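J.: Okay, handing you the structure first.
The values are calculated or read from the model by the stated rules, or taken from the named source; none is laboratory data. These figures come from a predicted structure and were not determined experimentally. Cβ: placed from backbone, ideal geometry, glycine included. Neighbour counts: every protein chain shown. Protein only, heavy atoms only, side chains kept; ligands, DNA and RNA dropped before computing areas. Shrake-Rupley method; radii C 1.70, N 1.55, O 1.52, S 1.80 Å.
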Amino acid sequence: MGRIAVTGATGQLGSRVAALLAERGVPQRLCVRDPARAPRTEGAEVVAADYADTAGFRDALAGISTLFLVSGHEGPERMDLHRSAVRAAAEAGVDRVVYTSFLGAAPLATFTFAREHAETERLIRESGLRLTALRNTLYADVAPHFVGSDGVLRGPSADGRLAWVARQDVARLAVECLLDDGHADQVYDVTGPEAIDLHETAALLSEVSGRKITYHAETLEEARASRAGAQDWEIDGWVGSYAAIATGEVAVTSHTVEHVTGRRPWTFAEFLAAEPEAWAHLK
């Protein structure tokens, strides 16, 4: 196998993927906006590349067959960045893209950013690139950061459930997909092994932190009011992510991680026990 290009290597997921590929002795090219921030990964080339610069990103992908494409930061310009990145990959002659999508990605998804992921998946396929879509549910790593300073986890999720997935488990899955061409042209739902509601989520966070943490099921009106002051696209995204839990769009529990990697992903409780730094700020 030739060199694999990894984007987002300065971030939480991309850095994990780069580290796991290095452990396997896989040659990599880390495509990052700021090379000075790139992880020191054995066997990896580091090149400056920005999704916004189509020509520059195309040049960074020269000779690359397989690309790990981490979705761009959420924002009004995100789809423009994705269009540029996909165009660059196609022009560079990339064959296969492993893309970090979202569970339930669809044009009419409740979660606005899931609509963008559906559009990006379409762009990749229509550009002639072979797509492996990792439709990840919400990351277990970010759940502790949803808790307010008052110890309340609030959102319009009613009693909906979701199977939080750890970034480390997503990274393990991504590596297997990058290394095996048999995962081309596949769409994978990626979740943890058990679905819990936000009351259970809050209780588990309380247990590990020693602090009383509760869940308040907001109405949609309350949710928008409690986030007033942010930009409209941010509010739509934040509220939509919780509302997608309420509708059941992210209630899926898949076996993808275990089936592909041979090892079951962490439950939310197991994640909290394994990575205490994720919730240390709650103490």
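J.: Give region 1-12 a look and list any residue that's of a type in the set (Gly, Ala, Ser) and open to solvent by 60 Å² or more (accessible area, probe 1.4 Å), or say none.
T.: In the first step, residues of region 1-12 are kept if they are of a type in the set (Gly, Ala, Ser); the result is 2, 5, 8-9, 11.
Hits for region 1-12: nothing passes.
J.: Suppose we filter region 13-52 for residues that are open to solvent by 50 Å² or more (accessible area, probe 1.4 Å) and touching a Phe, Trp or Tyr at 6+ places or on another chain (Cβ under 8 Å); how many remain?
T.: The qualifying residues number 1.
J.: Let me ask you something else. Here are ALA184, ALA217, ALA174, ALA228: which of them is closer than 22 Å to VAL152 by Cβ and touching a strand residue (DSSP E or B) at 6+ places or on another chain (Cβ under 8 Å)? Explain how you work it out, then say what you get.
T.: Details: ALA184 fails: closer than 22 Å to VAL152 by Cβ; ALA174 fails: closer than 22 Å to VAL152 by Cβ; ALA228 fails: touching a strand residue (DSSP E or B) at 6+ places or on another chain (Cβ under 8 Å).
Going through ALA184, ALA217, ALA174, ALA228 in turn, the sole match is ALA217.
J.: Just checking, does region 157-164 include any residue being assigned to a strand (DSSP E or B), touching a strand residue (DSSP E or B) at 6+ places or on another chain (Cβ under 8 Å) and more than 23 Å from LEU69 (Cα to Cα)? Outline the logic, then answer.
T.: Here is the first cut: in region 157-164, the residues assigned to a strand (DSSP E or B) are 161-162.
From what is left, the residues that are touching a strand residue (DSSP E or B) at 6+ places or on another chain (Cβ under 8 Å) are 161-162.
Cutting the leftovers down to more than 23 Å from LEU69 (Cα to Cα) gives us 161-162.
Checking region 157-164: at least one residue is assigned to a strand (DSSP E or B), touching a strand residue (DSSP E or B) at 6+ places or on another chain (Cβ under 8 Å) and more than 23 Å from LEU69 (Cα to Cα).
J.: So, one more: Suppose we filter ALA88, ALA62 for residues that are in a loop (DSSP other than H, G, I, E, B) and closer than 27 Å to ALA22 by Cα; which single one remains?
T.: ALA62
A quick yes/no check of all residues on (1) open to solvent by less than 60 Å² (accessible area, probe 1.4 Å); (2) in a helix (DSSP H, G or I); (3) in contact with a Ser or Thr (Cβ under 9 Å, 6 or more places away or on another chain):
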site: GLY75; (1), (2), (3): yes, no, no
site: ILE124; (1), (2), (3): yes, yes, no
site: THR132; (1), (2), (3): yes, no, no
site: HIS145; (1), (2), (3): no, yes, no
site: ARG154; (1), (2), (3): no, no, yes
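J.: Quick one: is VAL6 in contact with a strand residue (DSSP E or B) (Cβ under 6 Å, 6 or more places away or on another chain) and either polar (S, T, N, Q) or assigned to a strand (DSSP E or B) (or both)?
T.: Values: in contact with a strand residue (DSSP E or B) (Cβ under 6 Å, 6 or more places away or on another chain): yes; either polar (S, T, N, Q) or assigned to a strand (DSSP E or B) (or both): yes.
Answer is yes for this residue.
J.: Can you name every residue in region 27-58 that is part of a loop (DSSP other than H, G, I, E, B), touching a helix residue (DSSP H, G or I) at 6+ places or on another chain (Cβ under 7 Å) and not small (Gly, Ala, Ser)? Steps first, please.
T.: Within region 27-58, the first condition is being part of a loop (DSSP other than H, G, I, E, B), and the residues that meet it are 27, 33-34, 38-43, 49-53.
Those left that are additionally touching a helix residue (DSSP H, G or I) at 6+ places or on another chain (Cβ under 7 Å): 39, 41-43, 49-52.
Selection gives PRO39, THR41, GLU42, ASP50, TYR51.
J.: Kindly evaluate PHE68 against the criterion of being at pLDDT 95 or above and within 26 Å of ALA166 (Cα to Cα).
T.: Numbers: at pLDDT 95 or above: yes; within 26 Å of ALA166 (Cα to Cα): yes.
Spelling it out, PHE68 is indeed at pLDDT 95 or above and within 26 Å of ALA166 (Cα to Cα).
J.: Across region 92-144, what is the total count of residues that are among the acidic types (Asp, Glu) and within 11 Å of the chain's Cα centre (by Cα)? Full working, then the answer.
T.: So the first thing to find is which residues in region 92-144 are among the acidic types (Asp, Glu), and the list is 95, 116, 119, 121, 126, 141.
Filter once more, keeping what is within 11 Å of the chain's Cα centre (by Cα): 141.
Counting residues in region 92-144 that are among the acidic types (Asp, Glu) and within 11 Å of the chain's Cα centre (by Cα) gives 1.
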